[in-house]
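Read-outs: derived from the displayed coordinates by stated rules, not from any lab. What you see is a predicted model, and the numbers here were worked out from it, not measured in a lab. For neighbour counting, all protein chains shown are included, and Cβ atoms are generated from backbone atoms with ideal geometry for every residue, glycine included.
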Amino acid sequence: MIPKHLMIVDDHEDILFFLEQGIRQTWPNFFVTTMKSGQDALQYLKKAPVDLMLIDYKMPGMNGLELAEAVRKIAPKTRIIMMSSVDPPELRMTTGTYDAYLDKPFGISAIRPLVTACC
């Protein structure tokens with residue numbers, strides 16, 4: 001079986017560390033990449049395919065919704081889970097830009113069914 005490639009995009013290093021460790025423990029066969037900005041994630045995605053992205057909504061520069069829209073254009077098969085600790089109306093009204101939504105904070109058990117459904 002080919003390992004799934006999962007990318008986590010969040011500007012907070014503690015969140016990146018927590019999610020990366022939890023995902024590696026839960027899905028040891030996954031290849032996990034972490035990025036601290038939407039711009040870095042897009043540059044990486046242009047070079048290597050990613051099966052699933054966990055994207056934080058509130059980031060400096062390019063926000064998560066802008067990143068998800070750009071990902072849909074260059075890698076339409078990539079599944080996207082949007083994460084946020086805020087609840088801006090544009091996230092709830094947006095359809096087709098991301099596949100699932102998670103309210104922060106959450107534990108690894110909360111992402112288990114979403115990751116399983118997406119992969």
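Counting Lys and Arg as +1 and Asp and Glu as -1 over every other residue whose Cβ lies under 9 Å from the Cβ of VAL9, the net charge comes to -3. Under the classification rounded if a/c is under 1.5, otherwise prolate if a/b is larger than b/c and oblate if not, where does region 5-118 fall, given a ≥ b ≥ c as square roots of the Cα gyration tensor eigenvalues? The shape class here is rounded.
Residues in region 43-53 carry Karplus couplings, in order, of 4, 5, 5, 6, 9, 9, x, 10, 7, 9, 10 Hz; the curve used is 6.51 cos²θ - 1.76 cosθ + 1.60 with θ = phi - 60°, and Gly or Pro positions show x. 3J(HN,Hα) along region 57-63: 6, 8, 9, x, x, 7, 7 Hz, from the Karplus curve 6.51 cos²θ - 1.76 cosθ + 1.60 with θ = phi - 60°, whole Hz, x for Gly and Pro. In this structure the amide hydrogen of ILE80, modeled in the peptide plane, comes within under 5 Å of the amide hydrogens of MET53, ASP99, ALA100, none closer than 5 places in sequence on its chain.
Within the listed set ALA70, ALA100, ALA48, the Gaussian network model of the chain (springs between alpha-carbon atoms below 10 Å) gives the highest mean-square fluctuation for ALA48.
For region 2-85, a simple Cβ point-charge model (Lys and Arg +1, Asp and Glu -1, everything else neutral) yields a dipole of about 460 debye relative to the Cα centre.
Taking other residues whose beta carbon is less than 13 angstrom from the beta carbon of MET83, and scoring Lys, Arg as +1 and Asp, Glu as -1, yields -4.
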